[in-house]
Amino acid sequence: MTERLRIAVEGVVQGVGFRPFVFGLAERLGVSGFVTNRTGDVVIEAEAERPTLERFLLELRTNAPSAARVDKVVATPAEVVGDQAFRIADSDVETVGAAAIAPDVATCADCVAEILDATARRHHYAFTSCAACGPRLTIVTSAPYDRARTTMAGFAMCEACRAEYEDPSDRRFHAQPIACPACGPALSAPIATVAETIRSGGIVAIKGLGGYHLACDATNETAVAELRARKHRDAKPFAVMVIDVDAAGELGELDAVGRALLASPAAPIVLAPKRASRLAPSVAPGVGDVGVMLAYTPLHHLLVRALPNLPLVMTSGNLSDEPIAFRDDDACDRLGPIADTLLTHNRPIHMRCEDSVVRVIEGAPLILRRARGYAPAPERFPLQMATPTLALGGHLKAAFAYGTGDIAFVSPHFGDLDELSAYEAFVAGIEHFGRLHRVTPKQVVCDLHPDYATTRFAETLGLPTIHVQHHHAHFASAFADARLHGPALGVIFDGAGYGGDGTIWGGEILVGDPASVWRAAHLQTVPQPGGDRAAIEPWRMAVAHLAAAGEAYADIHPDADKVAALLPRATRTSSAGRLFDAVAVLAGIVMGSQYEGQAAMMLEALARGAEPEPAYPFELAGDELVVAPMIRAIVRDARKHVAPARIARRFHTTLVEMIGNACAQLARGEGLRDVVLSGGVFQNAILATEVPAKLRALGLVPHVHRRMPPNDGGLAFGQLAVAAAREGVG
Ligand code: ZN
Ligand code: ZN
Ligand code: FE
């Protein structure tokens, strides 16, 4: 007897060759009906005899394409309609409401084999892709996703490509970026020429998937130092690209999870503890990790093979903190003076997208920068949003998000919005995303900070606006990331956020749920002299903490007295990030200016190399986590010339103990067990590992971020959660 099922498949199932796979499967098994994309999932109607349908369901789960991730298959009986064949319905036809756009996917193994096959039509062709891999978000100009609405529209398919595109049994069936040497984009210069420039110590600008990279020989100290000088980048680490996981493993310590991440369709930069290697010292000075990634486009595959056994620096093509260059004329202007050679091509990039950055914590990925390969894959929410909502995030590590129903579309990372060009790109991205995903927001969520560019932008939209306190948004982000229900504790250790009470927050323990939280405890507040300058001149915070602890500060810096005079009138802060700054100075690790977060990274790197150390003294006094006793003990240690690595280690242990004790007390008082951990400080691998371990030992249930970054890149997701939760309570 013929039956019909309506099957919804959730997960990463769009833009990864899933519909052609379903089509092929249906043809093979003799199933009729159709497959179509719906917001965030794929819907199939399948008609056949029962045993055939069961086989079909089984293979849907087990034989999906490599880049797909099937999370859930829900089959419900439907009325038999007597379809004669199976077809791929236009995405449009069956879709109501929002539309999902797939992230870009790293070149698949089949395509790599093809470009290396001397007999293949696409031998050495740098724009080879298929239905399971290649550019997606970065080439889409409008929705729905098909070739006419991508930057491939200007390339007419040749007959051979057209035949593949139309053949349901071909892996390029409906592959929108399909191309070949006869009909597709071309490089501006031979790869061999560019490889020669790199081999001889030069710097090249290379057009990639979501923007330009600057590349050089990562083992050549002169070349790397020269790149730093020309790019005006002092100390921030550069990422390195290699050919395969074994080559990556020579540079950093990678476990099975890290290796799998490198080779995954998202192909992010994976941070791994540095090994002694041939890498030039200037690649990642003063930090404990090296960021490695694998070649992820055919162009990269050809380049790394032209330079056998040579790791390449691959860093964003920009000057200092500007946004990454992605338009060809702009790249020429801005990167021309930095690079010796430019390797470009004529497939336009419509939307910039930087490389994602991930580290492995407790056997699972922790995303630090969510961009290429991850964004804008729809992320499901444990909450429902009846009102389509735009959330604008914060100011640094900017990312916005659209929410509708139980889905969030979170944009790729846009960087810091201080630069006008970054802000303009952010605003253009908001408009582009709204059209692509077909969401028209009816309300907007932003930070409480009156001076964030995003807050001011919210005010121009003429929509009902929800202001969410910065650390409340961090809390809600981790809460929704972990799909919790009911109240929880939240340890939000961060750089800085507008507190709403005239102080700067950043070392908070909050209690509540996305709808509302209260501040149950916080790090001891001290003055933050000079406001934002304190983040790049960490000695200022050392003066503040020394003064608060009743210690002498005059020797810290020639201007220490001048800064001390500012203390009585300075805004007070509970920032954990600024505490790291102060401790790094007291331990003798940093003195002069730095990039924000540098002191924290250096402390972490030193602590990781040290033996276990007991905690420094601290106090829990009322709602304050008092660090003055620790500051006094660090001063004594420094005076005795205790190694900075030991001080760094003791400092980390102190934070773990202090957070653990405070949470245990509060959890008992409130009758709670779940603890979410968020804020930029939880990018720190020691804290992201040891705080959960401590909480577990105390009988609590910790939750670290998995889908969103713990830093401000995850704020928009949290702001959506707050809006959704408040909607629920009216
Ligand atoms: Zn492919
Ligand atoms: Zn062709
Ligand atoms: Fe933050």
Label zone at N346, where the point sits 7 Å out along the Cα-to-Cβ direction: region 134-172 residues whose backbone N lies under 20 Å: 135, 139-141, 147-162
Where region 587-730 is the region considered: accessible area per residue in Å², 1.4 Å probe: 37 Å²
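From the protein chains alone at 1.4 Å, what is the descending order of accessible area for D255, D406, D104, largest first?
Result of the area sort, largest leading: D255, D406, D104.
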What percent do you get for the relative contact order of region 353-476 when only Cα pairs under 8 Å and 6+ apart count? 21 percent
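Could you calculate the contour length gain from D330 to C183, that is, 0.36 nm times the residue separation minus the distance between their Cα atoms, to one decimal place in nm?
Working: separation 147, 0.36 × 147 = 52.92 nm, distance 2.62 nm.
This chain segment gains 50.3 nm when fully extended.
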Starting from the Cα-Cα distance between V257 and E10, subtract it from 0.36 nm times their residue separation and give me the gain in nm to one decimal. 86.6 nm
Among the aspartates and glutamates, which have Cα under 15 Å from the Cα of K442 when same-chain residues fewer than 8 positions away are ignored? E431, E459, E727
Taking only protein heavy atoms into account and a 1.4 Å probe, give the accessible area per residue of region 191-366 in Å². 34 Å²
Relative contact order in percent for the chain (Cα pairs under 8 Å, 6+ apart) equals 12 percent
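Would you calculate, for the chain, the mean residue ellipticity at 222 nm contributed by helices, counting each DSSP H stretch of 4 or more residues as -39,500 (n - 2.57) and dividing by all residues, to the nearest 500?
Values: 22 runs with 238 residues, N = 730.
Value at 222 nm, helices only: -10000 deg cm²/dmol.
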Suppose accessible area is computed on protein heavy atoms with a 1.4 Å probe; arrange H395, H641, H123 from highest to lowest. H641, H123, H395
Within region 269-372, which trypsin sites (Lys or Arg not before Pro) sit in a loop by DSSP and count at most 16 neighbouring Cβ atoms inside 10 Å? R275, R278, R327
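At 1.4 Å probe size, with the rest of the protein present, what percent of the exposed accessible area of the chain is carbon and sulfur atoms?
Roughly 52 percent, rounded to a whole number.
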State the extension gain, in nm to one decimal, for the chain segment bounded by V642 and E670, taking 0.36 nm per residue of separation less the distance between their alpha-carbons. 6.0 nm
How high is the relative contact order of region 473-520, given as a whole-number percent (alpha carbon pairs under 8 Å, six or more residues apart)? 36 percent
Give me the distance between the Cα centres of region 153-169 and region 469-494, rounded to whole Å. 48 Å
Going through the DSSP H helices of the chain, which span 20 Å or more along their own axis at the Cα atoms while scoring at least 0.0 as a mean Kyte-Doolittle hydropathy? 420-436, 715-729
Return the percentage of antiparallel bridges among DSSP beta bridges fully within region 2-88, rounded to the nearest 5 %. 90 percent
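Quick one: of the DSSP bridges fully inside the chain, what percent are antiparallel, nearest 5?
Numbers: 80 of 110 bridges.
In the chain, approximately 75 percent of DSSP beta bridges are antiparallel ones.
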All aspartates and glutamates inside 19 Å of K207 as judged from Cα atoms, apart from same-chain residues fewer than 8 positions distant: D104, E196, D217, D321, E322, D328, D329, D330, D333, D340, E354, D355
Simple spin-label estimate for E49 and A386 in nanometres, 7 Å along Cα-Cβ: 4.9 nm
Between E624 and T76, with labels modelled 7 Å along Cα→Cβ, what's the label distance in nm to one decimal, could you check? 5.7 nm
Can you flag which of K562/K640; K231/K397; K236/K397 are past 24 Å Cα-Cα? K562/K640
By residue number, which cysteines of the chain lack any other Cys whose Cβ falls under 4.7 Å from their Cβ? C111, C130, C161, C180, C216, C332, C353, C446, C663
Could you order the peptides 459-465, 161-167, 631-637 from most to least packed, using the average number of other C-beta atoms within 10 Å per residue? 631-637, 161-167, 459-465
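The values are calculated or read from the model by the stated rules, or taken from the named source; none is laboratory data. Only a predicted model underlies this, so the values are computations on that prediction, with no experimental measurement involved. Glycine also receives a Cβ, built like all others from the backbone with ideal geometry; neighbour counts cover every protein chain displayed. Remember, those area values only see protein heavy atoms, side chains included, never the ligands or the DNA or RNA. Shrake-Rupley method; radii C 1.70, N 1.55, O 1.52, S 1.80 Å.
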